[in-house]
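The values are calculated or read from the model by the stated rules, or taken from the named source; none is laboratory data. Every value quoted in this text rests on a predicted model; they were computed, and no experiment measured them. Cβ placement follows ideal geometry from the backbone for every residue including glycine, while neighbour counts extend to all protein chains displayed. For the accessible areas, the whole protein counts, side chains as well, though only heavy atoms, and no ligand, DNA or RNA atoms are used. Shrake-Rupley method; radii C 1.70, N 1.55, O 1.52, S 1.80 Å.
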Amino acid sequence: PNGTWTRLAAGITETVIDTFGGTAATLLTAAHSGQILGATWTKHTSFTASTVPVITASGLLRCNETSASNTEVCYASGTPGSANYTVSAILTAASLATNEAAGIWGRLATGAATGYRAGYNVGTTKWELYSCVAGTYTLLGSATQSLLPTGYALALVMNGTTISVVVDGVTIISV
């Protein structure tokens with residue numbers, strides 16, 4: 001996914017942008033940095049995957065994990081100025097295996113498996129919003145949609161206690 005991370009505050013914008021360009025087959029956490037603020041990526045050690053995503057020749061990220069029970073999570077070095085910000089990405093379905101899910105995280109604690117995850121679950125054919133606290137996931141909301149092999153503009157909007165999932169400019173989940 002092409003990712004943008006923007007703080008939501010009147011008149012103030014802090015952004016980390018990464019178009020995931022560069023050498024094909026490069027691991028996201030290897031010799032790669034984002035275009036704005038030189039963001040670097042770190043594998044989150046509180047999640048189960050032993051692998052990290054790899055950059056493809058077309059500038060996409062591909063999951064390297066083969067086990068459906070493992071989760072690849074990486075975070076960018078940029079830090080938003082407040083807890084109110086939006087994480088967005090273009091999510092493209094390159095494959096549609098039943099056990100696959102892809103998404104983005106916000107308010108992710110770097111030292112614990114804690115944060116909000118918005119994404120698409122191929123097995124349930126739903127966009128889903130989860131809260132994850134110390135590795136325990138709670139489904140906060142979902143919306144059914146068949147995924148086509150095109151790009152979807154996915155955003156996770158966090159503003160105070162309101163957490164929303166926006167797909168192609170339409171809010172589909174808000175809690």
- line: Every listed condition ((1) open to solvent by less than 20 Å² (accessible area, probe 1.4 Å); (2) without any contact (Cβ under 8 Å) to a residue 40 or more places away in the chain) holds for Ile104 save (2)
In region 109-123, residue farthest from the chain's Cα centre (by Cα) [restricted to those that are open to solvent by less than 30 Å² (accessible area, probe 1.4 Å) and touching a residue at least 40 places away in the same chain (Cβ under 8 Å)]: Ala113
- prompt: Restricting the search to region 124-165, which residues are surrounded by 18 or more Cβ atoms within 10 Å (Cβ to Cβ), without any contact (Cβ under 8 Å) to a residue 60 or more places away in the chain and under 17 Å from Tyr85 (Cβ atoms)?
  reply: Leu129, Ile163, Ser164, Val165
